[in-house]
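The values are calculated or read from the model by the stated rules, or taken from the named source; none is laboratory data. Small disclaimer: the values here were computed from a predicted structure and weren't measured. Note that each Cβ is placed from the backbone with ideal geometry, even for glycine, and that neighbours are counted across all protein chains shown. Protein only, heavy atoms only, side chains kept; ligands, DNA and RNA dropped before computing areas. Shrake-Rupley method; radii C 1.70, N 1.55, O 1.52, S 1.80 Å.
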There are 2 protein chains.
Amino acid sequence: MQIEITREFIEQVEEAIERQDKDFILSTMGEMHPADITTVLYELDTNESKYVMDLLPPEVGAEILSDLDYDIREDFLDYFTSAEIARYVNLMHSDDAVDILNEQSVQTREEVLALIDNEEKAEDILDLLHYEEDCAGGLMAKELIKVNLNWRVTQCIEEIRRQAEDVSRIYTVYVVDNRDILVGRVSVKSLLLSKDDKLVKDIYNPDVISIESFRDENEVVNVMQKYDLEAIPVVNIQGRLLGRITIDDVVDVMQEQAELSRQLMTGISENVEEDDSVFRISRSRLPWLIIGMVGGLLAAHFMGFFEKDIALLPALALFVPLITATGGNVGIQSSSIIIQTLSSNAVMLENFTQRILKLVLVALLNALIISILVFSFSYLFRQDLTLSIVVATALFSVVMLASMMGTITPMILDKFGINPAVAAGPFITTANDLLGITIYFGVAHLLYNL
Amino acid sequence: MQIEITREFIEQVEEAIERQDKDFILSTMGEMHPADITTVLYELDTNESKYVMDLLPPEVGAEILSDLDYDIREDFLDYFTSAEIARYVNLMHSDDAVDILNEQSVQTREEVLALIDNEEKAEDILDLLHYEEDCAGGLMAKELIKVNLNWRVTQCIEEIRRQAEDVSRIYTVYVVDNRDILVGRVSVKSLLLSKDDKLVKDIYNPDVISIESFRDENEVVNVMQKYDLEAIPVVNIQGRLLGRITIDDVVDVMQEQAELSRQLMTGISENVEEDDSVFRISRSRLPWLIIGMVGGLLAAHFMGFFEKDIALLPALALFVPLITATGGNVGIQSSSIIIQTLSSNAVMLENFTQRILKLVLVALLNALIISILVFSFSYLFRQDLTLSIVVATALFSVVMLASMMGTITPMILDKFGINPAVAAGPFITTANDLLGITIYFGVAHLLYNL
């Protein structure tokens with residue numbers, strides 16, 4: 001059931017909680033999709049949300065907890081006892097369960113683990129807790145359907161029936177040999193299409209793309225996207241089947257990455273949203289503002305060396321914003337293109353010299369066009385030939401250098417294993433400002449003293 | 001089979017094409033995953049790629065064509081006759097077939113349609129060609145498995161077997177009534193778990209989330225993400241089942257959107273990659289550089305009004321980069337936070353006054369901190385009290401105003417149906433530069449003349 005959640009409904013829910021009206025809550029929210037209930041909970045106080053959670057069936061609560069943003073979930077779960085958490089974790093997929101346990105203190109984690117009554121689940125969770133969160137092992141769930149190479153189709157259907165309770169989405173049935181080594185896959189479709197007494201080894205597909213548990217989450221995203229997979233099996237270094245990663249986790253990773261690069265580009269250093277507290281939003285923005293401020297003060301310091309030139313010819317100062325803005329724009333454009341190339345799985349086969357040559361040509365073309373335009377306009381505007389030549393020449397040099405910096409900085413960062421997207425933000429803008437001003441006044445000083 | 005594609009391999013392929021060595025091509029690439037072949041084709045000339053495509057089985061060619069970037073595909077298909085295109089289209093899913101036909105001229109489209117020998121496919125394609133590309137109807141495929149409410153489980157399994165050839169991923173079986181109205185869903189799992197003579201109406205799940213064909217693609221993405229769906233059925237306004245959209249299409253839409261917002265934020269106006277031609281890359285960057293240039297010239301013009309102040313006190317000019325850089329950083333941060341809030345499906349229930357108040361508080365806090373820091377540093381640096389007061393006061397006003405502009409501009413654009421991300425780019429930076437300079441010199445002029 002798709003419903004529209006209105007301000008009025010939230011108020012009704014709040015009033016119902018106030019007067020402890022369980023019937024109202026259950027009759028309105030009992031039939032809702034867990035994702036819609038989550039939307040409602042986001043609008044309530046933590047105490048109110050806890051009240052609602054306690055009324056809902058534990059299966060629904062488990063789904064809601066699995067979907068919550070991790071920072072909100074961490075705070076929310078402080079309101080639950082270890083026994084309550086265990087009851088929900090018991091009903092979750094192993095990957096979601098591990099995510100939640102990783103957010104808890106060591107003590108709570110141990111308590112919850114001890115309270116999980118499904119032994120197989122507890123074992124799966126313990127197993128998954130060993131993996132780093134941002135590698136393939138940290139993304140996988142243990143729930144999957146696997147069949148042996150030597151089984152018959154009937155046995156496979158039996159196994160699917162048996163496992164179906166735990167595995168909410170089947171996607172692919174994995175085929176393993178007697179040592180549990182992943183050797184292929186077989187689709188439910190082909191099991192349905194085959195005679196009951198056929199052997200798996202006669203109908204399975206040995207082409208199966210898998211990923212090792214220690215691979216980085218970015219690699220998981222790239223492989224799944226490239227081969228258009230909705231699930232990928234995870235194996236250990238010997239090829240033994242450990243678990244599987246499903247497309248919904250990959251969508252989450254993609255979103256996190258988009259979010260991260262947005263933050264890096266806009267100079268916001270924490271994961272904030274508009275509804276966070278004033279102090280949190282303020283704190284997330286200050287680091288970059290201060291770096292920008294230091295850059296600005298350095299720029300003032302550099303310009304100080306040319307204070308005499310400015311005193312003699314104040315018109316020089318008028319073009320400082322043009323120089324810094326153009327340098328900034330060119331730098332961001334260049335870094336953005338190279339960052340995208342670095343992050344896409346494009347094979348970078350064109351060799352280095354060719355690429356630098358192309359980059360120089362693009363920069364040259366744009367620098368020429370912009371300089372000619374600025375020369376014409378500034379001449380029309382001030383009728384001062386020398387000044388126009390100074391501005392155009394400086395701008396030309398700034399565009400060339402900002403292009404180089406914008407391209408080379410991300411490449412260097414990438415070589416050293418730093419996310420190159422950090423270069424697309426205030427950092428490169430600040431560096432370009434300093435560079436632009438130095439070039440501009442340097443050129444002016446030279447040309448006027450000729 | 002996962003393989004690493006090396007520069008050496010590409011050269012071997014190129015040489016093999018040169019000497020028309022079909023055996024080499026087929027023996028090396030015949031076993032490759034279509035996605036890997038696509039990677040190889042991207043490195044070859046169009047003629048060479050065409051040569052390889054002609055050697056490969058048409059099923060593989062159809063998959064490669066479905067996966068190609070649309071701009072590359074458009075150029076590539078110019079090398080194919082209508083009969084060749086029809087042979088591939090015949091083997092594609094209806095949604096991919098329609099995407100390809102939409103890229104062709106009307107004449108080619110008609111020719112290809114006439115040459116498709118699978119009548120049902122031709123009909124499906126004709127049907128899909130009516131929908132706009134960026135709505136739910138434009139994303140859906142006609143291939144799906146539907147069963148009637150009154151069928152028995154055996155009949156359903158029969159239907160799945162019959163349709164299985166066309167539908168590569170089943171996900172969910174949709175349940176319709178006698179008028180073809182979507183009434184629910186039934187999973188393959190529950191069909192497998194049920195007795196053969198059970199009726200669909202006794203085992204189906206009436207809770208099915210669907211979307212109407214005219215809905216925007218962003219709505220499709222939001223609904224599928226919110227409810228964590230791997231496929232969503234598309235219905236017409238009467239509720240009749242028309243087709244379904246699968247998660248891989250949604251991943252593509254998400255990527256396009258991330259790409260678009262990256263372009264808007266970095267001022268690149270076309271979809272370019274590092275390996276495009278010099279002219280194309282240059283052209284994609286010029287529009288924003290020119291807007292930035294006009295902004296810079298306007299700034300020069302504004303500062304011109306204060307030329308006398310600068311002549312009297314050249315030190316004033318030194319802080320111009322600090323003012324513009326800080327204004328720019330604050331503006332981008334503010335717009336980025338509000339744009340993210342606007343684009344997420346968060347229900348914006350907090351009322352307008354509250355939000356503006358919070359925004360003012362954050363701006364105030366940051367403005368105070370930055371101004372106090374700058375006051376201290378600039379006083380230490382120049383020992384000039386009036387100048388330090390001027391710079392700090394101007395900076396305070398710039399941070400406040402840039403925060404407002406950065407928040408309000410995207411909200412206004414959003415109200416008018418314009419993608420608010422355009423405001424996060426060079427546009428807001430340029431506006432903030434102008435604003436900052438005017439405030440700075442205005443404040444200086446006032447304070448010095450007191």
Point to revise | Residues being at the interface with chain A (Cβ under 8 Å from one of its Cβ atoms), at pLDDT 75 or above and surrounded by fewer than 18 Cβ atoms within 10 Å (Cβ to Cβ) - total across region B:259-285 | key: 2
Practice item. Give the residue that is nearest to the other protein chains (Cβ to nearest Cβ), with candidates limited to residues of region A:287-301 that are surrounded by fewer than 18 Cβ atoms within 10 Å (Cβ to Cβ) and over 31 Å from the mean Cα position of the chain (by Cα). Key: A:His301
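Each row is one residue, and each column tells you yes or no for (1) modelled with pLDDT under 80; (2) within 11 Å of chain B (Cβ to nearest Cβ); (3) open to solvent by 50 Å² or more (accessible area, probe 1.4 Å).
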residue	(1), (2), (3)
A:Ser344	yes, yes, no
A:Glu350	yes, yes, yes
A:Val360	no, yes, no
A:Ala367	no, yes, no
A:Met404	no, no, no
A:Ala421	yes, yes, no
Exercise for review: Go through (1) open to solvent by 70 Å² or more (accessible area, probe 1.4 Å); (2) β-branched (Val, Ile, Thr); (3) under 22 Å from the mean Cα position of the chain (by Cα) one by one and return the number of the condition B:Val106 breaks.
Suggested key: (3)
Practice item. Taking the residues in region A:239-258 that are more than 9 Å from every other protein chain (Cβ to nearest Cβ) and aliphatic (A, V, I, L, M) as candidates, determine which candidate is surrounded by the fewest Cβ atoms within 10 Å (Cβ to Cβ). Key: A:Val253
**Study point:** Residue check for A:Ala35: open to solvent by less than 20 Å² (accessible area, probe 1.4 Å), touching a helix residue (DSSP H, G or I) at 6+ places or on another chain (Cβ under 8 Å) and facing another protein chain (nearest Cβ under 9 Å)
**Key:** yes
**Study point:** Breaking point among (1) of a type in the set (D, E, K, R); (2) modelled with pLDDT under 90; (3) more than 17 Å from A:Ile10 (Cβ to Cβ), for A:Glu59
**Key:** (2)
Review point. So which residues in region B:380-402 are open to solvent by 10 Å² or more (accessible area, probe 1.4 Å), under 13 Å from B:Ala315 (Cβ atoms), within 11 Å of another protein chain (Cβ to nearest Cβ) and not aromatic (Phe, Trp, Tyr)?
Key: B:Arg382
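Being of a type outside the set (Lys, Arg), modelled with pLDDT of 85 or more, in a helix (DSSP H, G or I) and assigned by TED's automatic domain parsing to the domain that holds B:Val294: is that true of B:Leu413 here?
Values: of a type outside the set (Lys, Arg): yes; modelled with pLDDT of 85 or more: no; in a helix (DSSP H, G or I): yes; assigned by TED's automatic domain parsing to the domain that holds B:Val294: yes.
No.
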Review point. Among (1) among the small types (Gly, Ala, Ser); (2) within 14 Å of another protein chain (Cβ to nearest Cβ); (3) open to solvent by 20 Å² or more (accessible area, probe 1.4 Å), which single condition is A:Ser27 missing?
Key: (2)
**Study point:** region B:186-221, subset open to solvent by 60 Å² or more (accessible area, probe 1.4 Å), closer than 30 Å to B:Gln257 by Cβ and away from chain A (no Cβ under 13 Å), residue modelled with the lowest pLDDT
**Key:** B:Asn218
Study note, to complete from the structure: Those residues of region A:302-331 that are facing chain B (nearest Cβ under 7 Å) and surrounded by fewer than 19 Cβ atoms within 10 Å (Cβ to Cβ) come to a total of 3
Check your understanding: How many residues, within region A:121-142, are open to solvent by less than 30 Å² (accessible area, probe 1.4 Å) and without any contact (Cβ under 8 Å) to a residue 60 or more places away in the chain?
Key -> 3
Check your understanding: Within the bounds of region A:426-434, is there any residue that is within 24 Å of B:Ile323 (Cα to Cα) and free of Cβ contacts under 8 Å to residues at least 60 places away in the same chain?
Key -> no
Practice item. State whether the residues of region A:222-229 include one that is within 11 Å of chain B (Cβ to nearest Cβ) and aromatic (Phe, Trp, Tyr). Key: yes
